[in-house]
Amino acid sequence: MKSGIIIHNQISLNGAFLGFSVEMEKYYSILNAYKPSYILMGSNTARTGIDTYYESVPVEAPDDFRKPAIERSDRRPYWVVPDSSGKLLGLLHVYRNAGYCKDVIVLISRNTPKEYKQYLHERNYDFISEGYNKVDLEACLKRLESKYGPGTIVTDGGRQLVKKVFELFLVREISLIISPLMTPKKYVPLLHNLNLPKNIILHLDAVKDLGDGLIHLKYTLQ
């Protein structure tokens, strides 16, 4: 990857990314200011989003089996989801129809269940397969940019995805909104248990008061 990944999230003062309400308007205003070409989203995060915001999963319609038409002027990002185990089987149309992305691209592995691969084929989802049991994320992202073009990649995924991109040294920038609260012990910090061989030096680029006790911190990795 040419440019590296931007991590964007909202956390509590003690580092958790769950257990409190996100300030959606401020959160997405900052995210969208990056003008991302791709939003990298974990399959657990995607599934949790559906469970949180939908009482029931909408029934698939005939149009859900067709790839959406994309105009050249469309500036929406692609949503890119690593999902080697097929956690989003029967659910991807929710994100395809949300109106916030051009389409969903799924990253899978050689041992991804055949049922899930068939599901992707039948509904005309683009997918990239790299890795044997798990997704080879670095190889997938290289192929992603080779096929769809280089561009800014932002992830607002959960702890496992953030851990992965850090340990692969794919991160270029960290954008964190700090919430004025502390969360219980059961909510694990976003940057918990990173397996790093050495210290990573950060350069503080910006500190901004967002009001209501919220602070936005922006770092680049040196």
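No lab work stands behind these numbers, since they all come straight from the coordinates. If you're wondering where the values come from, they're calculated on a predicted model, not measured in any experiment. Using ideal geometry, Cβ is built from the backbone for each residue, glycine included, and neighbour counts are taken over all protein chains shown.
Annotation for Glu71 and Tyr34: the two label points, set 7 Å from Cα along the Cα-Cβ direction, are 2.6 nm apart. Which shape class applies to the range 76-152: rounded if a/c is under 1.5, otherwise prolate when a/b exceeds b/c and oblate if not, where a ≥ b ≥ c are the square roots of the Cα gyration tensor eigenvalues? It is oblate, given that a/c is not under 1.5 and a/b is not larger than b/c. Reported to the nearest whole Å, the Cα centre-to-centre distance from the range 93-119 to the range 125-195 is 17.
Along the chain, the exposed loop sites are GluC sites (Glu not before Pro) outside DSSP states H, G, I, E and B with at most 11 other Cβ atoms within 10 Å, and the longest stretch free of them is 72-222.
Please say if the range 99-222 is rounded, prolate or oblate, where rounded means a/c under 1.5 for a ≥ b ≥ c the square roots of the C-alpha gyration tensor eigenvalues, and otherwise the choice is prolate for a/b larger than b/c and oblate otherwise? Prolate, since a/c reaches 1.5 and a/b exceeds b/c.
If you count Lys pairs in the range 74-213 whose Cα atoms are under 17 Å apart, skipping same-chain pairs closer than 8 places in sequence, the total is 12.
Here the range 80-127 is assigned +1 on the Cβ of each Lys and Arg and -1 on the Cβ of each Asp and Glu. Its dipole about the Cα centre then comes out at about 60 debye.
How high is the relative contact order of the range 35-122, given as a whole-number percent (alpha carbon pairs under 8 Å, six or more residues apart)?
Working: 97 pairs, mean separation 30.5, N = 88.
That works out to 35 percent.
Rounded to the nearest 500, what is the 222 nm mean residue ellipticity of the chain from helices alone, with -39500 (n - 2.57) per DSSP H run of 4+ residues and division by all residues? Don't skip to the answer; put the middle values down first.
Numbers: 6 runs with 56 residues, N = 222.
The helix contribution divided over the chain gives -7000 deg cm²/dmol.
Between Lys208 and Glu138, the modelled labels are 3.2 nm apart [label points 7 Å from Cα along Cα→Cβ].
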